[in-house]
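Reviewing the structure listed below.
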Amino acid sequence: MSERSTVFSSPGAQNEEEYAQPTAINHELLEMARDGKLAGIRRTRMDLVEDWLDLGLSAESICKHLSAFNQAVILAVLEFHAEVHPWLRQCSFMEFGSGGREEQVLGSDQDNGLLLKVDPDADELEDVTQSIVIALDGAGLPLCEGGVMVSNADWRGDFETWIDRLMNWLSNPVEKGHWQSGLILDFRSVFGPGRDVLLLRQRLWEYVRNKPIALSLLVRELTDYRLPLTFYGAFITEKEGPWHGFLNIKNSVLSHLTNCVRILALKYDLHPANTCDRLRLLIAQGHITARHGEQLLQAWEYLQRKRLTIGLDCLKEGLPPHNYIKPVGLSKEEKMQLKSAVQTVEKLVRLVQAGAGL
């Protein structure tokens with residue numbers, strides 16, 4: 001079959017700002033899920049990203065297209081399981097993190113949860129959720145090393161359970177990891193009723209906005225940020241191990257940009273989930289200067305494009321995607337781009353740390 005044309009078409013003729021979001025089950029993907037042949041989706045995903053890069057689409061557009069493609073895969077897998085276990089249709093399958101923000105790259109792993117509206121047999125629930133995450137892994141959405149998946153009992157429950165759990169994680173720094181605040185504040189419904197998921201997100205954001213301690217804890221997580229540049233402008237890279245001499249652009253730079261923009265979106269009650277969309281609103285409303293905002297958008301674009309190209313190169317070599325670059329191997333122009341991105345994000349971090357009206 002012609003995978004790219006029948007499974008998910010390339011958006012070459014579309015406006016970059018309009019990205020395909022599946023509104024119905026893709027029947028070919030559903031048939032592949034039924035037949036247990038989702039492994040072919042891995043190649044399709046890689047080919048699509050390569051096409052989009054060749055077409056010159058922005059990283060923002062590619063990430064949105066890719067997130068929509070992954071959503072179509074999830075819909076097919078959940079629909080297949082719901083045919084055997086109809087009670088799943090009453091539940092909501094949620095995507096957290098980059099999936100919730102529509103910012104996925106090649107190699108983005110699973111971060112999902114299940115909002116239950118029924119009380120299925122415990123053994124059946126365990127078997128079904130295990131089967132779902134294994135099927136998604138087979139389709140190229142890797143298992144989450146941190147266990148943020150529906151197969152983990154901590155990531156499923158009814159509405160009140162989710163409210164209590166998420167608010168407890170946000171209010172108790174002992175109970176949560178640094179990664180969780182960002183992860184649990186960005187989520188969306190992918191399969192099943194969406195109303196309760198929207199209400200859950202609304203309640204959670206209201207809680208954070210109305211609890212100064214919760215917002216201050218989010219800001220406090222930025223205190224460990226260290227500019228990955230020396231006083232003289234040299235890049236600070238890994239000192240030992242397999243990534244000696246490399247810089248993790250996600251953990252060292254991009255995640256701090258994402259976190260800061262989320263904090264400002266909370267402060268000003270801005271509803272878009274996507275980082276770039278949040279940034280544009282912050283600029284439009286005067287919360288970030290036009291010049292700094294444009295620099296931040298350029299930094300995001302540069303860093304995400306690097307992650308996309310690294311992921312594509314890795315998959316072509318049969319390796320798992322990563323987020324590391326070796327500054328010494330970059331051209332002079334790229335070194336300047338990376339340094340500019342780091343300095344631009346560092347300025348935002350310092351502004352948020354200093355209060356920025358919070």
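List of remarks:
- The charge dipole of segment 224-353, taken about its Cα centre with unit charges on the Cβ of Lys, Arg, Asp and Glu (plus for the first two, minus for the last two), comes to roughly 180 debye.
- For segment 94-107, 3J(HN,Hα) computed residue by residue from phi via the Karplus equation (6.51, -1.76, 1.60; θ = phi - 60°) reads 10, 9, 10, x, 4, x, x, 9, 6, 10, 6, 10, 4, x Hz, glycine and proline entered as x.
- Of Lys239/Lys347; Lys267/Lys339; Lys37/Lys316; Lys117/Lys250, pairs whose Cα-Cα distance is over 31 Å: Lys117/Lys250
- Near Leu229: Cβ cut-off under 13 Å, other residues only, Lys/Arg at +1 and Asp/Glu at -1. The net charge is +3.
- Helix-only [θ]222 nm of the chain, DSSP H runs n ≥ 4, -39500 (n - 2.57) each, per residue, nearest 500: -17500 deg cm²/dmol
- Neighbourhood net charge (13 Å Cβ-Cβ; Lys/Arg +1, Asp/Glu -1) for Ile25: -2
- Longest segment of the chain lacking chymotrypsin sites (Phe, Trp or Tyr not before Pro) that sit in a DSSP loop with at most 11 other Cβ atoms within 10 Å: 1-230
- Charging the Cβ of each Asp and Glu at -1 and of each Lys and Arg at +1, and nothing else, the dipole of segment 139-260 about its Cα centre rounds to 320 debye.
- Estimated FRET transfer efficiency when R0 is 45 angstrom, pair Asp158-Asp54 (beta carbons, to 0.05): 0.45
- Per-pair calculated FRET efficiency, R0 = 22 Å: Glu240 and Lys316 via Cβ, rounded to 0.05: 0.20
Values quoted throughout were computed directly from the atomic coordinates according to the rules given, and no laboratory measurement underlies them. Treat the numbers as computed from the prediction; the structure is a model and nothing was measured. Note: ideal-geometry Cβ built from the backbone for every residue, glycine included; neighbour counts use all protein chains shown.
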